[in-house]
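The values are calculated or read from the model by the stated rules, or taken from the named source; none is laboratory data. Computed from a prediction, not measured in an experiment: that's the story for all the values here. All Cβ positions, glycine included, derive from the backbone under ideal geometry; neighbour counts span all protein chains shown. When the accessible area is computed, the model is the full protein with side chains, heavy atoms only, and any ligands, DNA or RNA have been set aside. Shrake-Rupley method; radii C 1.70, N 1.55, O 1.52, S 1.80 Å.
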Amino acid sequence: MADREVCWISLGSVERWFIFSGWSMGVQLVSGATQDLGEMARALEAWRNGLRLKEIREVSPFVKVTELAEAHEKGPAEAVAVKWRLLLEDLRQDADRLELAHRTLKVAELAHAEPQLRQLLPFTSHWSLHFTTCTGFPYSWDVPFIDPLSDGRYRVCGPSRGRVIGEADSAEHAIALVVGGLPANCGPAVAGTVNDQQLS
């Protein structure tokens, strides 16, 4: 399959384990570990022959496929929608016990309500909220991102980490700064990595 990368097989260092990882367009779609070399061979053959993720799991039950991986198989729009839902769910779980998570959740909910940002793939890093125009890693760095500050305000930077666009007293203002800093023709996130975008 043209869009499937070579599988990675690692070996257990203490016991007999074959550890499987299959990537496509910058996204890990399958993973798993087995002690049975024949079972590993069946999984590799299924991957190489282009079976759908559900079919690979049926052939090789040890293979794990996440909900996000299945969404990526359906296309970038589905991957973005599922990633937003999972990110918001995770932030809601952390928001009760961590102030930074609570503040990141606030800007994430507002960003999700903004159509121009909802079409981009979101991710967090050290409680900063980022957006990318591609669904695979490495991600693009062409969209501003939001850092919650310890004093209750937000800093909007981008596209590079060292460039500060401005500081905002409210989450709403931070979202407005991000939208105002979007690159021209910033459309829906596309499948692949930033390297794929540069080649096209």
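Measuring with a 1.4 angstrom probe and ignoring ligands and nucleic acids, residue 14 comes out at about 130 Å² accessible.
Using the alpha-carbon centroid of each, what span in Å lies between the stretch 46-109 and the stretch 121-145? What the calculation gives is 15 Å, centre to centre.
What's the angle, to the nearest 10 degrees (0 to 90), between helix 76-95's Cα axis and the longest principal axis of the chain? The angle comes out at about 70 degrees. The angle between the Cα long axis of helix 99-113 and the main principal axis of the chain comes to about 90°, on a 0 to 90 degree scale. All C-alpha to C-alpha distances of the stretch 63-118, sorted into 10 Å bins beginning at zero, yield P(r) values of 24, 42, 29, 6 percent in whole numbers.
Per-residue packing, averaged as other Cβ atoms within 10 Å, sorts the ranges 144-150, 178-184, 65-71 into the order 144-150, 65-71, 178-184, beginning with the highest. Rolling a 1.4 angstrom probe over the chain with all protein chains present gives an accessible area of which 53% lies on carbon and sulfur atoms.
For the chain, the 222 nm mean residue ellipticity estimated from helices alone, with every DSSP H stretch of n ≥ 4 adding -39500 (n - 2.57) and the total spread over all residues, rounds to -12000 deg cm²/dmol.
At a probe radius of 1.4 angstrom, the accessible area of the chain per residue rounds to 54 square angstrom. With respect to the chain, whose longest principal axis is taken over its alpha-carbon atoms, helix 37-48 is tilted by about 60°. The orientation-averaged shadow of the Cα convex hull for the stretch 1-131, equal to a quarter of the hull surface, comes to 9.7 nm². Between 24, 140, 170, the GNM of the chain built on Cα springs shorter than 10 angstrom shows 170 fluctuating the most.
Taking the average, over residues, of other Cβ atoms within 10 Å as the packing measure, peptides 74-81, 90-97 rank 74-81, 90-97 from highest down.
The Stokes-Einstein estimate for the stretch 103-145, based on a Kirkwood radius over Cα pairs and taken at 37 °C with 0.692 mPa s viscosity, is a diffusion coefficient of 311 µm²/s.
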